[in-house]
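Below is one structure, written out as structure tokens; the observations come after it.
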Amino acid sequence: MPNTSSNESSNVVARLSDISVVLDSVDAAVITIDSLGNILEVNPATERLFGYPKDEMLGNNVKMLMPAPYRDQHDGFMADHLRTGESNIIGVGRQVYGLRADKLMFPIHLAVGKHTLDDETLFTGIIHDLSYQTAQTEDSTRLGQILDESLNEIFVFDASTYQFTMVSRGAMRNLGYSRKEIMSTTPIDIIPDHSVESFEALIKPLLDNTQQRITFSTRHQRKDGSFYDVDVTLSLSKSNINAAEFVAIIDDVTEKNKLLKMMHQSQKLESVGQLTGGIAHDFNNLLTVISGNLELLEAVVSTPLHQDILKDARDASNMGARLTNRLLAFASRSSLTPQTININTLVLDMIELLRRTIGENISLKTNLASELWTTKVDVSQLENSLLNLTINARDAMPEGGRLTVSTNNVTTDDLEYTSSNTLLGDFVKVTVSDTGHGIESDNINEIFEPFYTTKTEKLGTGLGLSMVYGFVRQTGGFVDVTSDADRGSAFTLYIPREHSNCTQNSQNQESKYLVSKKSKTILLVEDEDGVRKLTRRRLEKLGHSVIEARNGYEALERFKRTEGIDIVFTDMVMTAGMTGYDLAKLIYGIEPKISVLITSGYASELLDPKKLDKLGISLLRKPYSIKDLEHQLALI
């Protein structure tokens, strides 16, 4: 400190005290020190900022308010300045750190001025707390980094020129552009679905302030020319004081749209299946009446001409029955007779048939997995499915090619199998692939619908693939198809693995029973008048006595009032609400030893074979012949 008398020092402090009256109202911290660094005066803002009372600061070195390394460097800086007159801080503001009484370090802005009072050199520092601003800056920087790395694309572009001013790294990564390349483009360059005019019409509500933000769906085009689906949220920002800017937040929804499309397709197929199953069920009743009455006429018509006419009519009726079975297969309501088999054996047994089907200009290869799991499946339906797929492959290769049938064991999981049709579990995978012309992407979603076909009218009815789809779904599996135009197609059937070690004997079990021709009293339950009338004629022709009922409720009352009924022969689904299965359970409650025969034109959850077997109920599928009826009645 300069060599001054105590009176002079007292004068300096007094003068500073006069000045401090003015500084008390200043919000910034103000500290005055002498040339040795001792604190001569502070204002109230200094007390609030550093947490020390004024009397604890006065007379102490200002280093008490400094954290390392500033504390250690302070004396050296002061000595150098007094000796040389050079300084990097006096008259120049800078950001440093202060130290509070609680030892908490915090950012400050420090501006130091040098002045002389009564011939003594003094230094006054004005200090602003930067804690809030620094925290805000750090938060903004952190948020910016998070947004920049986000999977969402973020674009900022000028409201008048549409030139990009900011683009997130996620956007550049998705689009495949460098920063230099993307900054020379506009939104219209990456949204091919919009022209300049349509884009300007789109953003007009934002410019007019009639809307705060707009959302729309479109496509983005990458640098390599590929497209992906996006949802866009666009708003107008005025944070830039020089020019208004648009901010666009982009969400890539390609996978979501793909899953939604598959879900809608699955729902569509389910709805079509329900409609198809209902129509086929009613059609089966009609066929039952037609074929049954034709059958009765054949027994009484003797002339060759009339016999030929009846034969043609019955052949047409049988064709209608086969058509109905295909519709029911698509609707997952056809009757199945599952057997435990090794699909490799079935494929090998069908090789010669498949070779004859595809012709000489198509080579047939197999790629069958060793130790293939067994499955429980309707053999005839699987054979028909493979034959249908083979015929489709043949038609897709009119100039020749290669057909491959392969099998494999697979366990599906969430990562590899993402289709909405996918089920989780163990499956035997059967794939029929070809090198044909492939399927157009626009047609992929419709190929399993009944009557949909890309073939000419002479080549297909559009029921083959729908039958395959319905059969596999009813078996508990799913179907997958992949295809590339001009490179071929691959249809894969996923058949559930059979975990039981027990194999089902495929031998016809009917030989265990002796056919009896004894006359029986039968309670006939059928809500369709035509079917009921025909069935009564058939039963009476077979020598049985018949009691009729139009629904389950009427049948239950007649059973209670009538003695000597041997068999209850009932339709499964009736309009009155009580099913044949419900009726059987009620009748078993009255007479446990009664025989029940159910007939139906389709299989559904109501016709669970395990439930029928548990109650000892026999099943006769529609349409059936009088011989089928006679044989079934004899077995029960």
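The values are calculated or read from the model by the stated rules, or taken from the named source; none is laboratory data. Just so it is clear, the model here is predicted, and its values are computed rather than measured. We place every Cβ from the backbone using ideal geometry, glycine too, and count neighbours over all the protein chains shown. Surface accessibility is based on the protein's heavy atoms, side chains included, excluding ligands, DNA and RNA. Shrake-Rupley method; radii C 1.70, N 1.55, O 1.52, S 1.80 Å.
Which one is surrounded by the most Cβ atoms within 10 Å (Cβ to Cβ), of the residues in the range 590-611 that are outside any loop (DSSP other than H, G, I, E, B) and modelled with pLDDT under 75?
Selected residue: LEU607.
Determine, yes or no, whether PHE50 is touching a Leu at 6+ places or on another chain (Cβ under 6 Å) and either exposed (fewer than 15 other Cβ atoms within 10 Å of the Cβ) or of a type in the set (Phe, Trp, Tyr) (or both).
Details: touching a Leu at 6+ places or on another chain (Cβ under 6 Å): yes; either exposed (fewer than 15 other Cβ atoms within 10 Å of the Cβ) or of a type in the set (Phe, Trp, Tyr) (or both): yes.
Answer is yes for this residue.
Does the range 466-482 hold any residues that are surrounded by fewer than 22 Cβ atoms within 10 Å (Cβ to Cβ), assigned to a strand (DSSP E or B) and touching a residue at least 12 places away in the same chain (Cβ under 8 Å), and which are they?
VAL479, ASP480, VAL481 - these are the residues of the range 466-482 that are surrounded by fewer than 22 Cβ atoms within 10 Å (Cβ to Cβ), assigned to a strand (DSSP E or B) and touching a residue at least 12 places away in the same chain (Cβ under 8 Å).
Of the residues SER335, SER363, which single one is in contact with a strand residue (DSSP E or B) (Cβ under 7 Å, 6 or more places away or on another chain) and modelled with pLDDT under 75?
Step by step, each of SER335, SER363 is checked, and only SER335 is in contact with a strand residue (DSSP E or B) (Cβ under 7 Å, 6 or more places away or on another chain) and modelled with pLDDT under 75.
Pull up the range 422-436, narrow it to residues that are buried (at least 19 other Cβ atoms within 10 Å of the Cβ) and assigned to a loop (DSSP other than H, G, I, E, B), then point me to the one that is modelled with the highest pLDDT.
Taking the range 422-436 as the starting set, the residues that turn out to be buried (at least 19 other Cβ atoms within 10 Å of the Cβ) are 427-430, 432-436.
Next, from what is left, pick out any that are assigned to a loop (DSSP other than H, G, I, E, B): 435-436.
Numbers: THR435: 90, GLY436: 87.
The extreme case among them is THR435.
Considering each residue of the range 399-416, count those that are open to solvent by 30 Å² or more (accessible area, probe 1.4 Å) and at pLDDT below 85, and give that number.
Result for the range 399-416: 4.
Restricting to the range 55-65, name every residue that is open to solvent by 40 Å² or more (accessible area, probe 1.4 Å) and closer than 15 Å to ILE127 by Cβ.
Residues satisfying the conditions are LYS63, MET64.
Please go through the range 534-549 and pick out each residue that is of a type in the set (Lys, Arg) and either buried (at least 17 other Cβ atoms within 10 Å of the Cβ) or free of Cβ contacts under 8 Å to residues at least 24 places away in the same chain (or both).
Hits for the range 534-549 are ARG536, ARG538.
Between MET574, MET578, which is crowded, with 21+ Cβ neighbours inside 10 Å and part of a loop (DSSP other than H, G, I, E, B)?
Of the residues listed, the single one that is crowded, with 21+ Cβ neighbours inside 10 Å and part of a loop (DSSP other than H, G, I, E, B) is MET574.
In this structure, is LYS560 basic (Lys, Arg), open to solvent by 30 Å² or more (accessible area, probe 1.4 Å) and part of a loop (DSSP other than H, G, I, E, B)?
For LYS560, the condition - basic (Lys, Arg), open to solvent by 30 Å² or more (accessible area, probe 1.4 Å) and part of a loop (DSSP other than H, G, I, E, B) - is not met.
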